[in-house]
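Shown next, in structure tokens, is the structure this report addresses.
The values are calculated or read from the model by the stated rules, or taken from the named source; none is laboratory data. A quick note: this is a predicted structure, and the numbers were derived from the prediction, not measured. Quick reminder, even Gly has a Cβ in these numbers, built from the backbone with ideal geometry, and neighbours come from all protein chains shown.
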Amino acid sequence: ILRYSILVSALCKQGMMEEAEGLFKEMNEKGLSPDRVVYNTLIDGYSCLGNTEKAFTLYQEMERRGIAPNVVTYNVLIKGLCRKHMFQEAINLLKVMDIVGLVPKVVTYNIIINGHVKDGNIEEGFKLFEEMQEKGLAPDIVTYSTLINGLCKEGRLHEAEYCWKEMLDRRIAPNIKVYNTLLDGHCRFGNMQKAFSLQRAMQRDGFKPNIISYNALINGLRREGNMLEAEDLWNRLVDEGLCPDVVTYNLMIDGYLSSGDTHKALQLYEQIENKGLEPT
RNA sequence: GCGUACUCGCCUCA
């Protein structure tokens, strides 16, 4: 059953639900009854694909078979609802949890807050941020990162920095993801000076910029039409042992095309053969 | 063994 659940999880992450269902059937036929983890995994798979109906069908099925949903079950259901912007339904599930005696975790709130952020409604996110604390749940690094991300995406960088400081005041140690979030915020709104100084700060703090950090910076330069500096960064990341990924290629190709450098764009396009595809 | 945050695009929602 452990092997199955690992396999099912891998398939769900790839969105290969037919295959996952196949394994699920196979388990049933072999008389191995899928446990809660397997159900949660499948429900999560469908939630990620936006198939809420199927997710809820499985939820009902597990209840019918006497497998009690746990917090993770509700978390993944809530995630699916948030993805479809069904926030009221998500809140209703919180109530259901309460009725069945399950206590939402920080993760549960983080999921909903992120849903609001992706929906462009950060104010709702802050309301939940308050609410979770009233319930005695302490925001963690993901909570802060989610809120900082929301503020950054709206160009509210001062508030993002304030939020960042509050996080540090609470003795929550930053990680590379939060640094990248803020870094991208500065890049996105044209403050490359700040972005580079933040990059230095993260290094001082012991975090080596990763490919995501570089992509954010390159994207900022690309927006400014500064492909020369973008190339410098490309070289630097390679020097540091990082490998440009599909995103890096897409950004550079797009930048070269915008600046009319079709040749360079084509060169990169050809190099990409060994990798994944490119949109734009 | 399952769930939450960061970069281009896609998908999804309205």
- request: Determine if segment A:35-46 includes at least one residue that is within 20 Å of A:Asn70 (Cα to Cα) and surrounded by fewer than 18 Cβ atoms within 10 Å (Cβ to Cβ).
  value: yes
query: Can we say A:Asp140 is within 11 Å of RNA strand B (Cβ to nearest atom), at pLDDT 95 or above, acidic (Asp, Glu) and farther than 19 Å from A:Thr52 by Cβ?
result: yes
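Could you check segment A:211-280 for helices (runs of 4 or more DSSP H) lying wholly inside it with 3 or more residues that are out of contact with any helix residue (DSSP H, G or I) (no Cβ under 7 Å at 6 or more places or on another chain) and under 30 Å from A:Gly155 (Cβ atoms)?
Numbers: elements: A:211-223, A:227-239, A:246-258, A:262-271.
Passing ranges, in order: A:227-239, A:246-258.
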query: Taking the stated definitions as given, is A:Phe189 within 23 Å of A:Lys153 (Cβ to Cβ), hydrophobic (A, V, I, L, M, F, W, C) and more than 15 Å from RNA strand B (Cβ to nearest atom)?
result: no
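Test A:Tyr256 against the stated conditions and say whether it is without any contact (Cβ under 8 Å) to a residue 40 or more places away in the chain, surrounded by 14 or more Cβ atoms within 10 Å (Cβ to Cβ) and in contact with an Asp or Glu (Cβ under 9 Å, 6 or more places away or on another chain).
Numbers: without any contact (Cβ under 8 Å) to a residue 40 or more places away in the chain: yes; surrounded by 14 or more Cβ atoms within 10 Å (Cβ to Cβ): yes; in contact with an Asp or Glu (Cβ under 9 Å, 6 or more places away or on another chain): no.
No, not satisfied.
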- prompt: Is there a residue being in contact with a Leu (Cβ under 6 Å, 6 or more places away or on another chain), in contact (Cβ under 8 Å) with a residue 24 or more places away in the chain and surrounded by fewer than 19 Cβ atoms within 10 Å (Cβ to Cβ) anywhere in segment A:201-213?
  reply: yes
task: Return the pairs, sorted by first residue and then second, in which the second residue is charged (D, E, K, R), the first residue lies in segment A:1-21 and is more than 11 Å from RNA strand B (Cβ to nearest atom), the beta carbons are less than 8 Å apart, and the residues are 6+ apart or on different chains.
output: A:Leu11/A:Glu19
message: Yes or no: segment A:80-92 includes at least one residue that is of a type outside the set (A, V, I, L, M, F, W, C), loosely packed, with under 14 Cβ neighbours inside 10 Å and part of a helix (DSSP H, G or I).
response: yes
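Residues that are β-branched (Val, Ile, Thr) and out of contact with any Asp or Glu (no Cβ under 8 Å at 6 or more places or on another chain), at least 3 per element: which helices (runs of 4 or more DSSP H) completely within segment A:115-210 meet that? Explain how you work it out, then say what you get.
Working: elements: A:122-134, A:141-153, A:157-169, A:176-188, A:192-204.
In segment A:115-210, A:141-153, A:176-188 are the helices (runs of 4 or more DSSP H) which contain 3 or more residues that are β-branched (Val, Ile, Thr) and out of contact with any Asp or Glu (no Cβ under 8 Å at 6 or more places or on another chain).
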